[in-house]
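Following: one structure in C-alpha cells, then a few remarks.
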Amino acid sequence: MNTLNTAPAGRLLSRPALYALLRHAILLALAFVMLFPFYWMIVTSFRPAQEVFSGTFNWLPQQFTGWDNFRTALNDAPLLLYMFNGTIVCLGVLVVQLATAIPCGWALARYRFRGERVLFGLVLLGLCIPIQVPAIPLFLGLAITDLLNTYFALMVPFFLSVFAIFLFRQSFKTFPEDIVQAARLDGLSEKAILWTIVVPASKPAIAAFAVFSVTSHWNDLYWPLIVITNAELMTPPLGLASFADPESGANFGALMASATIVTLPLMVLFLFIQRHFIQGVTNTGVK
C-alpha cells in the first residue's frame, strides 16, 4: 500500500530558503525606493504641464509631449554649455585630487615617521568638516584676489580631498610589500614605485573615488551658487534653476527633461566603470 508523503504547510520552504526570500524582498524594496525618483523624473519629462498637476497617479503619461519638453529644455537654456562647464570643473578637481591624495595616502600607509598618528587623525577630523564651514573665508579670499566668476573659484576648495587620502591609504595598506621590496632592489626610486607599479595596480580604488568625486561636483549646487553669477560659467545644477520662475512657477516638464539630460552622463560613466567601482569599494572597505 502506497502512502503519500505530505509536508506540513509551514515546512514547504526550509529556513535558509525563507531567509533568502526575505533578503531578496528587502533588497527589491530598497531598490524600488532608490530607483523610483529616477523613474518619476523620466516619466514626468514626457508629461504635459496639466497632467503633472492633475492630482491623479499614473505610471505612464496619458498624453505624450516628451519631445516638446526636451526641445524646450535645450532651447530655453544652454544645457550643453552648462554640461561643458561641469565637465571642466569635475575633471580639473579630479586630476588635482589624485595628484595630491595618492602620494599622501601612500605615505600614510607605508612610511613610519614622527607625528604619523596625529596627521592621520587630522585626516579623519577633516572628514567631519563640511564645505559650509570654510565657505565664508574662502569666498572672502576669492573676492579679495578678484577670482570670483572663474573656473578656479569653482574648483579650489576641493583640490585637497581628505576622503581621497583616507580611501587611498586604506587601499595602499593592502598592497603586497614583497613587490615594493623587489622594486627597491631593482633600483627604482620611491616615486617610480608609486606611479609606475602601485598606481596602475590600484585602478579599482581610483575608479571608485572618481565616481564619488565626479558625482559630487557634477551635482553640487551650494558652492557654484556662491561664487558664480556669470551665466556662461554656470554648472548643470545651477543652470537647472533657470527653469524655476518665482512668478509663473516651474515648468516641471522641461525641468525634468533637463534633469534627465544632465543625469545621463553620470549614468553612462557608472555603467562603464561599475566593475572597477564595486571592486574598489570592496577592497578599500576590508581594512
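Once phi is turned into θ = phi - 60°, what whole-Hz ³J(HN,Hα) does the Karplus curve with 6.51, -1.76 and 1.60 give for every residue of segment 188-193, x standing for Gly and Pro?
Per residue, the Karplus-derived 3J(HN,Hα) values read 6, 6, 4, 5, 5, 4 Hz.
Modelled label-to-label distance, LEU127 and PHE139, 7 Å Cα→beta-carbon offset: nm?
Rounded to a tenth, the inter-label distance reads 2.9 nm.
Contour minus end-to-end for SER189 and THR87, with contour as 0.36 nm per residue of separation and end-to-end as the Cα-Cα distance?
33.3 nm
Which of the listed residues, LEU124, ALA259, PHE172, is farthest toward the dipole's positive end in segment 78-284, when Lys, Arg count +1 and Asp, Glu count -1 at the beta-carbon?
So the residue we want is PHE172.
Using Cβ contacts closer than 10 Å as the measure, can you line up GLU177, GLU190, GLU116 from fewest to most?
Least to most surrounded, the residues fall as GLU177, GLU116, GLU190.
For a protection proxy built on the mean count of beta-carbon atoms within 10 angstrom, sort 39-45, 29-35, 119-125, 81-87 highest first, please.
81-87, 39-45, 119-125, 29-35
Based on the alpha-carbon gyration tensor of segment 78-284 and its eigenvalue square roots a ≥ b ≥ c, which shape applies: rounded if a/c is under 1.5, prolate if not and a/b is larger than b/c, or oblate?
prolate
Where a number appears in this text, it was derived from the coordinates with a stated rule and is not lab data. Everything numeric here is computed off the predicted structure, so don't read it as measured data. Note that each Cβ is placed from the backbone with ideal geometry, even for glycine, and that neighbours are counted across all protein chains shown.
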